[in-house]
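The values are calculated or read from the model by the stated rules, or taken from the named source; none is laboratory data. Just so you know, these numbers come straight off a predicted model, no measurement behind them. So basically every Cβ, Gly included, is an ideal-geometry build from the backbone, and we count neighbours across all protein chains shown.
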There are 2 protein chains.
Amino acid sequence: MKQASILLVDDHPMLRKGVAQLISLEDNLKVIGEVSSGDEAIAFAVKNMPDLILLDLNMKGLSGTETLSALKRANITSKVVIFSVSDNETDILQALKFNADGYLLKDSEPEELIEKINHAIIGEFVISEPLTQILAKSLRPQNRVSVIDSLTQREVENLKLIASGKSNKEIARKLGITEATVKVHNKNLFKKLGLKSRVEAAMWAVEHKVSH
Amino acid sequence: MKQASILLVDDHPMLRKGVAQLISLEDNLKVIGEVSSGDEAIAFAVKNMPDLILLDLNMKGLSGTETLSALKRANITSKVVIFSVSDNETDILQALKFNADGYLLKDSEPEELIEKINHAIIGEFVISEPLTQILAKSLRPQNRVSVIDSLTQREVENLKLIASGKSNKEIARKLGITEATVKVHNKNLFKKLGLKSRVEAAMWAVEHKVSH
DNA sequence: AAGCAACTACCACCAAAGTAGTATTTTTAT
DNA sequence: ATAAAAATACTACTTTGGTGGTAGTTGCTT
């Protein structure tokens with residue numbers, strides 16, 4: 001029977017042993033390597049091309065994210081699943097940005113871990129249960145408390161239209177006012193938001209998710 | 001013992017019955033209402049304020065999303081969990097945008113459903129297992145194959161600087177070339193990307209994640 | 001060697017954007 | 001009822017942006 005090969009990357013030997021032990025109980029999985037740093041991980045991976053790499057985030061030397069990024073840049077087909085204690089939002093988002101194939105928490109139940117590992121090997125993206133909320137949250141519209149409230153309706157309208165690439169003339173036509181008035185609104189909203197140009201305004205709108 | 005109250009919103013009576021039956025097996029949950037449209041859902045919710053609303057997406061009349069949006073706009077404390085057959089990405093994203101408290105698939109296992117419902121009631125965001133991948137995917141950087149490859153180095157540089165709000169003069173200074181040359185690059189890149197102005201260029205850069 | 005793409009530059013022109021100041025009307029808040 | 005804020009408009013002016021055409025230089029490809 002074909003076994004899936006796994007590389008463990010973590011600078012805590014005890015933890016590696018624990019995970020290795022757990023995996024050894026499964027006869028379709030096999031730990032073919034254990035390393036304690038990002039550099040070793042990369043070296044091992046290019047040589048042995050494991051099916052899956054379980055990668056700790058917090059390591060001395062190359063950070064987990066850097067390692068992930070390096071692995072993904074190299075021509076490596078191994079799935080790389082982050083295995084971390086951190087449920088920190090930016091860590092997760094970073095990992096995602098670098099195309100991790102999963103993000104599992106170290107305090108997962110053993111059965112869950114094994115199950116998710118199996119899923120990851122067949123190409124599914126896996127993530128620990130408690131993190132789904134964080135993922136979801138980061139997709140949500142920002143809680144707006146901000147300076148946007150200092151803008152008048154018309155100014156917000158103008159801002160949105162600027163961000164949609166409209167010229168002053170087009171905005172004027174759309175709002176049924178003169179171009180002169182549009183300019184007034186622009187000037188005021190630029191001042192309120194501390195912007196120098198409509199391009200900056202457009203970018204501001206994007207950042208603050210103000211758009212049609 | 002305190003029971004959590006649930007409102008079912010779905011235009012298929014049979015399905016409602018099935019879910020109601022399932023829920024009735026749990027003694028900490030209680031279905032206090034079943035309705036078949038968004039309007040009824042809103043009316044019921046404001047009057048009886050259930051702890052949880054299970055909301056179908058595909059309904060006649062008010063769509064699920066509209067209902068969700070209306071519920072969230074009203075001063076309603078009920079958790080609203082989408083209960084749908086659709087694993088369509090845009091549906092999920094839309095629901096998220098309107099701050100749904102969860103998104104469950106109708107073909108979930110009964111036990112999973114009950115478990116997730118319980119989690120949702122205590123305020124956790126819940127989502128059916130198979131959808132985590134979709135969530136994750138939508139957070140990832142876009143697969144770039146695109147037109148950006150048709151741009152020259154200089155054009156890309158210009159584009160990035162435009163997107164950072166720089167004027168032509170500033171770009172010229174930064175790149176050590178004349179403003180005239182900057183304009184040439186702009187003109188060419190606008191043409192290649194089919195853009196009318198630097199604002200559109202900035203927005204294009206955002207969409208295609210081309211930035212410094 | 002000829003050809004091509006990229007980068008540079010300049011000119012001339014016109015359109016668009018932005019600034020300042022003044023002023024009227026409408027809406028909103030006190 | 002009165003004051004303040006918002007929306008509208010205009011003039012006049014300066015700066016910035018965008019288009020068209022021409023052209024020289026470099027480096028790579030065939």
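The table for this structure:
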quantity	calculated
Residues of segment A:83-117 that turn out to be more than 12 Å from the chain's Cα centre (by Cα) and not charged (D, E, K, R), as a count	11
Number of positions in segment B:40-66 that are modelled with pLDDT of 90 or more and either part of a strand (DSSP E or B) or charged (D, E, K, R) (or both)	8
Considering residues of segment A:1-38 that are in a strand (DSSP E or B), in contact with a Pro (Cβ under 8 Å, 6 or more places away or on another chain) and of a type in the set (A, V, I, L, M) only, the residue surrounded by the fewest Cβ atoms within 10 Å (Cβ to Cβ)	A:ILE32
Selection count where residues are among the aliphatic types (A, V, I, L, M), within 11 Å of DNA strand C (Cβ to nearest atom) and part of a helix (DSSP H, G or I), scope segment A:181-196	3
Verdict on A:SER128 being at pLDDT 85 or above, in contact with an Asp or Glu (Cβ under 8 Å, 6 or more places away or on another chain), more than 16 Å from DNA strand D (Cβ to nearest atom) and within 14 Å of chain B (Cβ to nearest Cβ)	yes
Residue satisfying condition, being within 14 Å of chain A (Cβ to nearest Cβ), surrounded by fewer than 17 Cβ atoms within 10 Å (Cβ to Cβ), closer than 18 Å to A:ILE134 by Cα and in contact (Cβ under 8 Å) with a residue 12 or more places away in the chain, within set B:GLY102, B:GLY123	B:GLY123
Total residues in segment A:67-83, condition in a helix (DSSP H, G or I) and among the aliphatic types (A, V, I, L, M)	3
Residues (more than 8 Å from DNA strand D (Cβ to nearest atom) and crowded, with 16+ Cβ neighbours inside 10 Å) located in segment B:148-162	B:ILE148, B:LEU151, B:ARG154, B:GLU155, B:VAL156, B:GLU157, B:ASN158, B:LEU159, B:LYS160, B:LEU161
Top-ranked residue of segment B:163-181 - restricted to ones that are more than 8 Å from DNA strand D (Cβ to nearest atom) and more than 12 Å from chain A (Cβ to nearest Cβ), ranked as farthest from B:SER150 (Cα to Cα)	B:ARG173
Hey, A:SER108 part of a loop (DSSP other than H, G, I, E, B) and surrounded by 17 or more Cβ atoms within 10 Å (Cβ to Cβ) or not	no
Enumeration of residues in segment B:197-208 that are assigned to a helix (DSSP H, G or I), within 9 Å of DNA strand D (Cβ to nearest atom) and out of contact with any helix residue (DSSP H, G or I) (no Cβ under 6 Å at 6 or more places or on another chain)	B:GLU200
Residue count for segment A:131-161, restricted to those that are at pLDDT below 80, over 18 Å from A:TRP204 (Cα atoms) and among the polar types (S, T, N, Q)	2
Subset of segment B:186-196 that is more than 10 Å from DNA strand D (Cβ to nearest atom) and of a type outside the set (Gly, Ala, Ser) - its residue that is nearest to the other protein chains (Cβ to nearest Cβ)	B:LEU193
Residue that is nearest to B:GLU170 (Cα to Cα), among those in segment A:182-205 that are crowded, with 16+ Cβ neighbours inside 10 Å and of a type in the set (Val, Ile, Thr)	A:VAL199
Odd one out for A:SER86, checked against (1) outside any helix (DSSP H, G or I); (2) on the phi < 0 side of the Ramachandran plot; (3) in contact (Cβ under 8 Å) with a residue 40 or more places away in the chain	(3)
